[in-house]
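Read through the structure below, which is laid out as structure tokens, and then see the notes.
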Amino acid sequence: MKRILVTGGAGFIGSNFINYILENRDDVEIINVDKLTYAGNLENLKPSEDKSNYHFVRGDICNHELIDYLFSKYKINSVINFAAESHVDRSILGSEIFYQTNVIGTNVLLEAAKRFEVERFLQISTDEVYGSLGATGRFTEHTPLSPNSPYSSSKAAADMMAMAFHHTYGLPVVITRCSNNYGPLQFPEKLIPLMIINAMHDKKLPVYGDGMNVRDWIYVIDHNRAVEAVFEKGKIGGVYNIGADQEMPNIEIVKLILNSLGKSESLIEYVKDRPGHDRRYAIDSSKIETELDWKPKYKFDEAIVKTIEWYKTNKNWWEKIISGEYQKYYEKQYGK
Ligand code: NAD
Ligand code: TYD
């Protein structure tokens, strides 16, 4: 039995991962430790919460006593570290919590994983560690790390630390670096859900700079299928890029969202650019495709429509986020 400590499992990708895995497999036990920051939401885990092989613990990955206690109580034999402060704009406004959670928190997990001799430690990273591309080329696993934002630099630091634990102590580390995700349950500060919700309210859609920054989009379920493949079969000490080869300039996505909601493009508002805004990301995922036989299943054109539909039918989910209702409830239940 794999007893996996999944960190940050109440966030967007982690909750989709847990729901996906527990729907498809009963040979794993998941212990989800999540601090329930503004981005964590237990509502996301409704499909999993009553399963006997799922446990939730509210806690901070920086708390080494708690992490040690969980390793020993649940006999943890593997870790998937999704927990992070994940939003670039927030990291520009205040970087400290990013280094705290993303670097120190990862160090606490690596130290515990070393002491408890886990079979596998999967560090969930991002293509943003590679920095920014010009008009051509794609990131491979050999592209040098060159992060530009406090967020991406904290993720790059965590990657290097994880690899150092592999080289120095033989910790069985693997790393995934995925491109921009979209899909259900994404916190409405990120481009796609923010634009959908603003459009539904006839509010302005703030496009940074000239709107021509390019991101390489992947549906969250495809990302999580890849995480599962790397967790099961990835070579220890390896790095795997994950992407679906679906590059889009931001402005095209914004227009597509407006058109599909029947809203006017006059809602678009070009605003001041993000400081240090990376121009283009594009991922070469041929390594995971050939080595682990993974391929994305979802095409952007179809999955974006599914995603817009999800936000239309799950108004209740994001209205409670926007009003701060979940956050007040968790603070009442668990304290600040
Ligand atoms: P998210 O912000 O939606 O969720 C992060 C989760 O981590 C939240 O539930 C939050 O409560 C929890 N958390 C934060 N600090 C914590 C702490 N100190 N201790 C315990 N839990 C804590 O993020 P996401 O978009 O789901 O991203 C998950 C991971 O995937 C991150 O590591 C991120 O860097 C990586 N990633 C994200 C994307 C993307 O497009 N969103 C792309 C590539 C990689
Ligand atoms: P985001 O979803 O924050 O992801 P990341 O910065 O990690 O790639 O942003 C995606 C792109 O959309 C990025 O180029 C910044 C841009 N953007 C806007 O133009 N307006 C917005 O309000 C937001 C949140 C992002």
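The values are calculated or read from the model by the stated rules, or taken from the named source; none is laboratory data. Bear in mind the structure is a predicted one, so any value in this text is a computation, not a measurement. Cβ sites come from the backbone with ideal geometry, for glycine too, and all protein chains shown count toward neighbours. Surface accessibility is based on the protein's heavy atoms, side chains included, excluding ligands, DNA and RNA. Shrake-Rupley method; radii C 1.70, N 1.55, O 1.52, S 1.80 Å.
So which of N250, N241 ends up being within 16 Å of ligand 2 (Cβ to nearest atom) and either in contact with a Leu (Cβ under 9 Å, 6 or more places away or on another chain) or β-branched (V, I, T) (or both)?
Working: N241 fails: either in contact with a Leu (Cβ under 9 Å, 6 or more places away or on another chain) or β-branched (V, I, T) (or both).
Matching residue, one of N250, N241: N250.
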When every residue in the range 19-28 that is farther than 15 Å from Q186 by Cβ and open to solvent by less than 40 Å² (accessible area, probe 1.4 Å) is compared, the one farthest from ligand 1 (Cβ to nearest atom) is V28
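Quickly run through the range 162-183 and pick out the residues that are under 17 Å from the mean Cα position of the chain (by Cα) and either within 10 Å of ligand 1 (Cβ to nearest atom) or among the hydroxyl-bearing types (S, T, Y) (or both).
Let us first name the residues in the range 162-183 that are under 17 Å from the mean Cα position of the chain (by Cα), namely 174-183.
Passing the criteria: T176, R177, C178, S179, N180, N181, Y182, G183.
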Checking Y99, Y130, Y151 in turn, the sole residue that is of a type in the set (S, T, Y), at negative phi and open to solvent by 60 Å² or more (accessible area, probe 1.4 Å) turns out to be Y99
How many residues are more than 10 Å from ligand 1 (Cβ to nearest atom) and closer than 24 Å to I18 by Cβ if we restrict to the range 81-102? 0
Looking only at the range 198-237, which residues are part of a loop (DSSP other than H, G, I, E, B), open to solvent by 10 Å² or more (accessible area, probe 1.4 Å) and within 24 Å of G131 (Cβ to Cβ)? G209, D210, M212, G237
From the option list L194, L185, L171, single residue qualifying as in contact (Cβ under 8 Å) with a residue 24 or more places away in the chain and either touching a Pro at 6+ places or on another chain (Cβ under 9 Å) or under 30 Å from W310 (Cβ atoms) (or both) is L185
Of the conditions (1) more than 12 Å from ligand 1 (Cβ to nearest atom); (2) small (G, A, S); (3) out of contact with any strand residue (DSSP E or B) (no Cβ under 8 Å at 6 or more places or on another chain), S154 satisfies every one except a single condition; which number is it? (1)
Just the residues that are over 22 Å from N107 (Cα atoms), more than 16 Å from ligand 2 (Cβ to nearest atom) and part of a loop (DSSP other than H, G, I, E, B), please, taken from the range 1-39. M1, R25, D26, D27
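Going by what's in this entry, would K51 be described as in contact with a Lys or Arg (Cβ under 7 Å, 6 or more places away or on another chain), more than 14 Å from ligand 1 (Cβ to nearest atom), open to solvent by 30 Å² or more (accessible area, probe 1.4 Å) and in a loop (DSSP other than H, G, I, E, B)?
When the stated conditions are applied, K51 does not pass them.
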Checked against (1) touching a helix residue (DSSP H, G or I) at 6+ places or on another chain (Cβ under 7 Å); (2) crowded, with 17+ Cβ neighbours inside 10 Å; (3) in a loop (DSSP other than H, G, I, E, B), S146 satisfies every condition except (2)
Select from the range 58-96 the residues that are touching a residue at least 40 places away in the same chain (Cβ under 8 Å), part of a helix (DSSP H, G or I) and open to solvent by 20 Å² or more (accessible area, probe 1.4 Å) and write down the one among them that is nearest to G40 (Cα to Cα). R90
Only one of (1) closer than 26 Å to G11 by Cα; (2) among the β-branched types (V, I, T); (3) open to solvent by 30 Å² or more (accessible area, probe 1.4 Å) is not met by T290, so which one is it? (1)
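Have a look at L36, L42 and point out the one that is more than 8 Å from ligand 1 (Cβ to nearest atom), within 22 Å of E325 (Cβ to Cβ), in contact (Cβ under 8 Å) with a residue 60 or more places away in the chain and crowded, with 19+ Cβ neighbours inside 10 Å.
On the way: L36 fails: more than 8 Å from ligand 1 (Cβ to nearest atom).
From the options L36, L42, the qualifying one is L42.
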